Amino acid sequence: MQNLQLRQGFLPGDKKKLQDVPCGSHIVVSSQANKDGHLLTAPTRRMWIMADIRPDDCDTCEEVILCSIGADTNGVLIVSPDFNFDKEPYIIQNSSGEEFKVIIQHASEKISKEEKEREKSMLFELYSRKKELVFACIGKEFDNPALGVFRVFLFGEIVSAYGFSDNNLYVHYILELPLNWTVSGEGEVEGVTHACSTKVENKEDVAYFSHPFSFELEYKMKTIQACPDNSLPRWPTLFFKVVSYSTWGHYQIQGYGYIILPVIPGSQVLKLQTWRPLPISLVDKLRTYFIGGPAEIVDPTYLAIPSTFQGNHLSKFGFCSETTGTVVVRLNTVHQQSPSVPRPGQYSINNILDTSGSSMQNSITAIIAAFQRARQRMLVARGKLD
């Protein structure tokens, strides 16, 4: 039973199943079928069938490989090149231009119907035992969320930070959970990386953190009528604060930034551009240089939409800031939801994906990018006119 191999792949050419291909005591497959079928790799002994195709008037040996046959410890014979079946013969040329046609055929006898049934039952028993072994290791029950609950698994990494003015950087991150979002278990919603010194790389001061973090979030699906003021659900936001620590014991804010969690599951690498409040007066600038600063933002949600904001229009006109460095973040997102048909007037996950604040943010970002491209083309055209 340990030497059996499941013949479920397809051979190139006539699309025959491996279990219908003639075979004897070994399973014979082509090298391409071995790759397509993802057969297990095992120690292999290989034999080459060669031919001397030198011309009649030549005394120098001119050997070529016609076929190679590999036999592994699982009882599988791997033939390369593939069997011809209905394809054209392989063409080999010698030094004088003479052509030789090579045909590789599978000439083994077919297994009987009784042998097929016996092997099928043995395979079923083999994989049943493997299944029981896996269940014994990981358990038989898959953790499914309850009906009406949508789960988001976020596995992230703060990769690096570059472009900041000071050394010895660390990053403080906080996850904001909007209405109806919760953290599973006793998970933390914030964390701090280790302090890291910068090094010069491509004329940039780069600090490599490689700090992992993870969140397991749950969203309770609510009807539109249950939401206050018929508001649409928002996605969680991840806020970042980059801080530097000097040898004098001074902590200085280097930059703020935020990321709305991706609405599409998968892996993404994001470059977060940060900023910080700009000191206006001379006293503020001196305090920032000698004591540390600038002024710290107490409420991190102010970076996006403040948690205390209740109006319809938000304006931050007059707030002065300056651009600082960049933080590189890698996010891997997994979504899980029990299959259910939403009732009329009830949210499904597709509604959340289509109406979330992240989609709006992506649209705004796309508009700004298009405006910048148009402005760049206008400047280039103006330069040519000058």
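Distance between the modelled labels on ILE103 and LYS130, one decimal in nanometres: 3.7 nm (7 Å Cα→Cβ projection).
Residues whose amide H comes within less than 5 Å of that of SER321, counting only those at least five positions distant or on another chain, are LEU278 (H built at 1.01 Å from N in the peptide plane).
Packing, taken as the mean count of other beta carbons within 10 Å per residue, orders the peptides 196-206, 211-221 from highest to lowest as 211-221, 196-206. Taking each of LYS131/LYS220; LYS87/LYS120; LYS203/LYS241; LYS220/LYS241; LYS130/LYS220; LYS199/LYS316 in turn, the alpha-carbon distance tops 27 angstrom for LYS131/LYS220; LYS87/LYS120; LYS220/LYS241; LYS130/LYS220; LYS199/LYS316.
Between ASN144 and LYS110, full extension at 0.36 nm per residue minus the direct alpha carbon distance yields a gain of 7.6 nm.
Throughout, read-outs are computed from the coordinates displayed, never taken from laboratory work. Bear in mind the structure is a predicted one, so any value in this text is a computation, not a measurement. Cβ sites come from the backbone with ideal geometry, for glycine too, and all protein chains shown count toward neighbours.
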